[in-house]
Every structure is written in structure tokens, then in C-alpha cells.
Amino acid sequence: MKRLKKQTGLLGTLTVPGDKSISHRAVMLGALAEGDTIIQGFLKGADCLSTIDCFRQMGIHIEETGDTLVVHGKGLHGLQAPTGTLDVGNSGTTTRLISGILAGQNFVSTLSGDASLNSRPMKRIMSPLSMMGADIQSKNKDNCAPLTIKGAPLRGIHYTSPVASAQVKSCVLLAGLYADGQTSVTEPALSRDHTERMLRAFGADLQTQGTTCTITPPKRLYGQHIQVPGDISSAAFFIVAALITPDSCLLIKNVGINPTRSGILTVCKQMGANITFQNLREEGGEPVADLLVKSSRLHGTVIEGDIIPSLIDELPVIALLCCFAEGETVIRDAAELRIKESDRIALVSQNLAAMGADILPTEDGFIINRHSQKIPPLHGASIHCAMDHRIAMTFAVAGLSADGETIITDSHCVDVSYPGFFEQLKQLCLK
Ligand code: S3P
């Protein structure tokens with residue numbers, strides 16, 4: 001349990017842990033490559049550790065020293081049948097991406113996770129994988145994990161995905177590594193493209209046109225040296241903390257600003273945020289910058305359409321930000337939020353309302369109002385976070401700008417993506 005109190009003047013320089021999406025993919029492609037893959041800045045959050053465990057169970061030797069990982073790849077056909085069920089923990093990314101890989105193996109495997117994971121929808125990957133020829137069954141026939149996957153020779157397909165989901169797209173592209181011809185995925189809006197970037201770096205031929213990506217099955221992948229940038233989804237909590245806490249100025253170093261991930265920066269700027277980019281550079285095929293963020297006077301906006309996939313994980317903390325923006329903010333087209341680690345539309349609305357915000361949940365988003373700059377928008381409350389890491393961190397930040405005390409129970413769930421989050425937050429509050 002953590003208790004938070006109102007703060008002013010968050011000052012300092014910090015770095016956030018490595019990108020979760022990139023860390024997962026680096027282990028997966030490293031395992032399927034020939035030769036060693038060295039990963040620096042790997043995120044040792046519980047989700048990425050689940051990915052490591054799964055590949056170890058399939059015979060991949062992975063060494064850890066500090067935040068550097070060496071994956072001794074065994075090639076596209078080097079995985080061994082796991083001896084037991086693969087434990088995917090809380091990780092949707094592990095589950096959906098690994099399923100694409102498992103569909104092309106010559107063995108049977110079973111995936112299962114925690115209660116939240118085992119209630120998340122898997123039909124979105126079961127359908128395209130079945131179309132490619134894999135036999136994938138939901139144990140309880142509810143289209144959720146546990147999933148049993150009987151690998152098979154796969155057919156290349158053109159899949160039109162009903163959702164803009166990088167997990168679905170990546171699952172199909174990874175299965176495409178094992179198909180008998182090209183595999184394409186078209187999505188309704190562009191989702192994060194880390195899989196495409198990394199597959200190219202490992203030597204695969206991928207062509208992207210608009211929101212369609214096509215992979216030609218490669219003969220082999222080659223081990224790489226990967227520098228993982230800081231996770232913008234983790235930086236988001238400190239960006240919002242600096243913007244809404246009076247007299248703050250934070251320099252957040254080494255943040256990945258891939259355009260398919262950085263919608264939060266576009267939206268913050270649209271709302272009047274004082275954020276400057278420093279030291280713009282490219283590392284390991286991903287754009288990176290240092291972000292200087294200062295407390296700002298913000299105004300409401302509309303967040304909708306194609307930008308949504310590029311800020312989907314940040315919407316809980318963006319909803320908090322909007323409570324501090326003058327006027328009305330409407331967030332729509334974000335129904336996917338209801339099927340994340342928790343129903344984030346319900347939980348964010350319930351907790352912000354408990355803190356005194358004027359927030360209305362809708363089917364696919366929120367309507368948030370702040371009527372007067374004079375009245376502090378939030379007061380402390382006891383927060384219900386349903387073991388969802390991003391809800392816990394959002395409301396820790398909320399607690400820094402709320403009158404009275406905010407209590408976060410189950411605060412250890414932040415370890416899923418951000419071990420050390422509360423320690424870093426405490427450091428800033430001491431200054
Ligand atoms: C992720 C994709 C997103 C995101 C998740 C990580 C990934 O999920 O919410 O946290 O690494 O591919 P969807 O693909 O379901 O949108």
C-alpha cells in the first residue's frame with residue numbers, strides 16, 4: 001500500500017526503464033535468430049520476465065547481467081517443445097505474440113496466465129492463426145487463455161484486422177515467418193510498428209504501404225545488438241506529474257518517441273503543454289529524445305480517431321491530465337480500453353469521480369470537465385486499481401496534485417511494467 005500527499009515543485013532529471021514492447025520483441029526475435037542477440041536497457045518488469053521464462057522453457061539460453069541480456073538464438077526452427085504449460089503471467093503481449101510463433105512449430109504447447117490475462121479476448125488472434133492453418137483451442141471454450149496451440153505448416157494469408165492492435169498485427173507477422181508464402185496484415189489505423197522495425201533489423205523482408213504490412217518468410221534471422229530506449233508509456237506518468245504539479249520542471253532522458261507511440265506528446269502540446277525535445281537522435285532504428293517538461297496551463301481538447309492507437313496505454317494518465325485542463329475534453333474511439341489489464345474506462349472514471357472530478361464514462365471513452373481554474377480539481381481518496389499497473393501509477397500521480405491523502409492498495413502491481421516507480425517518485429518529492 002502507498003500513501004501520497006500533495007506536492008509542489010517536482011524538479012530534477014530522470015530516466016525511465018526500457019520500453020516494454022521493444023524488450024519483449026527483442027527476446028522473441030533473438031531466440032529465433034542465428035547467433036547471439038545482445039539487449040541493453042532491457043525492461044526487467046514482470047511482463048518481460050514472463051517472455052524470458054517462456055523461451056527458456058523452450059530451450060533458449062538467456063543470460064542476464066545488470067540490464068543487459070544475451071539471448072543465444074537457435075534459429076527459426078530451434079525451439080524445443082516446452083515440458084509444461086507456458087506461464088504468460090499478466091502479459092497480453094507475451095501471449096498474443098508468442099502464439100504467432102508457436103503456430104508455426106512442430107509441437108503442441110499450452111499458454112496460461114493470471115486471472116486478468118485469462119479473461120482477455122484471444123479470438124482476435126485465434127481467427128487469423130486458424131485461417132493460416134494452425135490448430136488453436138481455448139481450453140474453456142470462451143475464446144480466452146488457457147490456449148492450446150498445435151503448430152502446423154502455415155499458409156500465407158492477407159488478413160484484414162477489425163482492430164488497430166499491434167499485438168494482433170505482430171502475431172500474424174510472426175506466424176508469417178513460418179508460412180509458405182507472403183503474409184499481409186491490414187489494420188484500420190496504424191498501431192505501434194516495433195515488430196516491423198525489428199524484423200527488418202534482424203534481416204527479414206517487410207514492406208509497408210499505408211496500414212498494410214507484408215512479410216516474405218525469410219530463410220533465417222540474424223542476431224543483433226539492441227539498445228532499448230526508455231518507455232514513453234512509463235515516461236507518461238512523469239510527463240503528466242510535471243505538467244499538473246505547480247512549479248515543476250523535469251528532464252526525462254532517453255525516451256523513445258516512435259510516432260506510433262508518441263500520441264501523448266501531440267495531445268499534450270495541443271492542450272498547451274510546455275514540452276521541449278532535446279538531443280533528438282535515432283538508436284537501434286527507433287527515434288529517441290530527452291524531454292523537458294514544465295508545469296503548464298492547459299485547455300480541453302478532443303482526442304479521437306487515428307491517434308488513439310498511438311496513446312492507448314497512456315489514456316488513463318491523459319484522463320487525469322484532462323481534469324486539470326480548462327473546459328471540456330472528449331476522448332472517444334477508445335473502446336479497446338475496456339479490455340486491457342482491467343476495464344480502464346470504468347476504473348479511471350470510478351477513481352477520478354471518487355477524487356471529485358467531473359468525468360463521465362462513455363462506451364468508448366470519457367467526457368471530462370473542469371469548470372474553474374480556481375477550485376482544485378481533485379481531493380484524496382482510496383483508490384481501487386484491480387491489480388492494473390497503469391491504474392496504480394496514474395493515481396499515484398493524481399495523489400501528488402490532490403488535497404488530502406490518496407491511498408493506493410495493491411501498489412506492487414506496478415512491477416508489471418515499472419519496478420522502482422514509487423522509489424523514483426519519492427525521490428522527486430524529497431527535492
Ligand atoms: C502492445 C500493444 C498494445 C498495448 C500493449 C502493448 C504491444 O496492445 O496496449 O500494452 O507491445 O504490442 P494492443 O495491440 O492490444 O492494442
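The values are calculated or read from the model by the stated rules, or taken from the named source; none is laboratory data. Here the structure is a predicted model, which is why all the values come from computation and not from measurement. We place every Cβ from the backbone using ideal geometry, glycine too, and count neighbours over all the protein chains shown. For accessibility, only protein heavy atoms count, side chains too; no ligands or nucleic acids. Shrake-Rupley method; radii C 1.70, N 1.55, O 1.52, S 1.80 Å.
Collect the residues in segment 280-295 that are within 27 Å of THR245 (Cβ to Cβ), open to solvent by less than 30 Å² (accessible area, probe 1.4 Å) and in contact (Cβ under 8 Å) with a residue 40 or more places away in the chain, keeping them in residue-number order. Quick ask: steps written out before the conclusion?
The first filter runs over segment 280-295 and keeps only residues within 27 Å of THR245 (Cβ to Cβ), leaving 280, 288-295.
Now restrict to residues that are open to solvent by less than 30 Å² (accessible area, probe 1.4 Å): 288-291, 293.
VAL288, LEU291, VAL293 - these are the residues of segment 280-295 that are within 27 Å of THR245 (Cβ to Cβ), open to solvent by less than 30 Å² (accessible area, probe 1.4 Å) and in contact (Cβ under 8 Å) with a residue 40 or more places away in the chain.
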Within the set of pairs 6+ apart or on separate chains, which have a first residue in segment 18-31 that is touching a residue at least 12 places away in the same chain (Cβ under 8 Å), a second that is part of a helix (DSSP H, G or I) and of a type in the set (Lys, Arg), and C-beta atoms under 7 Å apart? none
Restricting attention to segment 46-67, report how many residues are modelled with pLDDT of 95 or more and hydroxyl-bearing (Ser, Thr, Tyr). 2
Test each condition in (1) within 15 Å of the ligand (Cβ to nearest atom); (2) free of Cβ contacts under 8 Å to residues at least 24 places away in the same chain; (3) open to solvent by 40 Å² or more (accessible area, probe 1.4 Å) for ILE345 and report the one that comes out false. (3)
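Output the residues belonging to segment 298-329 that are assigned to a strand (DSSP E or B) and either within 14 Å of the ligand (Cβ to nearest atom) or touching a Gly at 6+ places or on another chain (Cβ under 7 Å) (or both). Step through it out loud before you land on a result.
From segment 298-329, those assigned to a strand (DSSP E or B) are 298-299, 302-303, 325-329; that's our starting set.
Correct list: LEU298, HIS299, ALA325, GLU326, GLY327, GLU328, THR329.
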I'm told ILE98 meets every condition in (1) surrounded by 15 or more Cβ atoms within 10 Å (Cβ to Cβ); (2) assigned to a loop (DSSP other than H, G, I, E, B); (3) of a type in the set (A, V, I, L, M, F, W, C) except one. Can you identify the failing condition by its number? (2)
Determine if segment 183-202 includes at least one residue that is open to solvent by 20 Å² or more (accessible area, probe 1.4 Å), more than 21 Å from ASP333 (Cα to Cα) and without any contact (Cβ under 8 Å) to a residue 40 or more places away in the chain. no
Consider segment 101-117. How many of its residues are surrounded by fewer than 24 Cβ atoms within 10 Å (Cβ to Cβ) and more than 16 Å from the ligand (Cβ to nearest atom)? 7
Which listed residue, of ILE226, ILE239, is surrounded by 24 or more Cβ atoms within 10 Å (Cβ to Cβ), in contact (Cβ under 8 Å) with a residue 12 or more places away in the chain and within 16 Å of the ligand (Cβ to nearest atom): ILE226
Which of the residues belonging to segment 148-182 are within 16 Å of the ligand (Cβ to nearest atom) and either free of Cβ contacts under 8 Å to residues at least 12 places away in the same chain or part of a loop (DSSP other than H, G, I, E, B) (or both)? SER161, PRO162, VAL163, ALA164, SER165
Looking at segment 405-430, I want the residues that are open to solvent by less than 30 Å² (accessible area, probe 1.4 Å) and have a partner that is among the β-branched types (Val, Ile, Thr) and not in a strand (DSSP E or B) with Cβ atoms under 7 Å, at least 6 apart or on another chain. Which pairs are those? PHE421/VAL414; PHE422/VAL414
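Just checking, how many residues over segment 260-279 are assigned to a helix (DSSP H, G or I), open to solvent by 40 Å² or more (accessible area, probe 1.4 Å) and among the hydrophobic types (A, V, I, L, M, F, W, C)? Break it down stepwise before answering.
Step one: of segment 260-279, the residues assigned to a helix (DSSP H, G or I) are 263-270.
Narrowing the set further to residues that are open to solvent by 40 Å² or more (accessible area, probe 1.4 Å) leaves 266, 269-270.
Of the ones still in play, those that are also among the hydrophobic types (A, V, I, L, M, F, W, C) are none.
Number satisfying all stated conditions: 0.
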Pairs needed: first member in segment 206-223, under 19 Å from ARG155 (Cβ atoms); second member anywhere, open to solvent by 60 Å² or more (accessible area, probe 1.4 Å); C-beta distance under 7 Å; at least 6 residues apart or different chains. LEU206/ARG200; THR214/GLN182; THR214/GLN207; ILE215/GLN182; THR216/GLN182; THR216/ASP205; PRO218/ASP205
Among the charged types (D, E, K, R) and open to solvent by 70 Å² or more (accessible area, probe 1.4 Å) - does that describe any residue in segment 18-26? no
Scan (1) within 16 Å of the ligand (Cβ to nearest atom); (2) open to solvent by 10 Å² or more (accessible area, probe 1.4 Å); (3) more than 21 Å from THR301 (Cα to Cα); (4) in a loop (DSSP other than H, G, I, E, B) for the single condition LYS219 breaks and write down its number. (1)
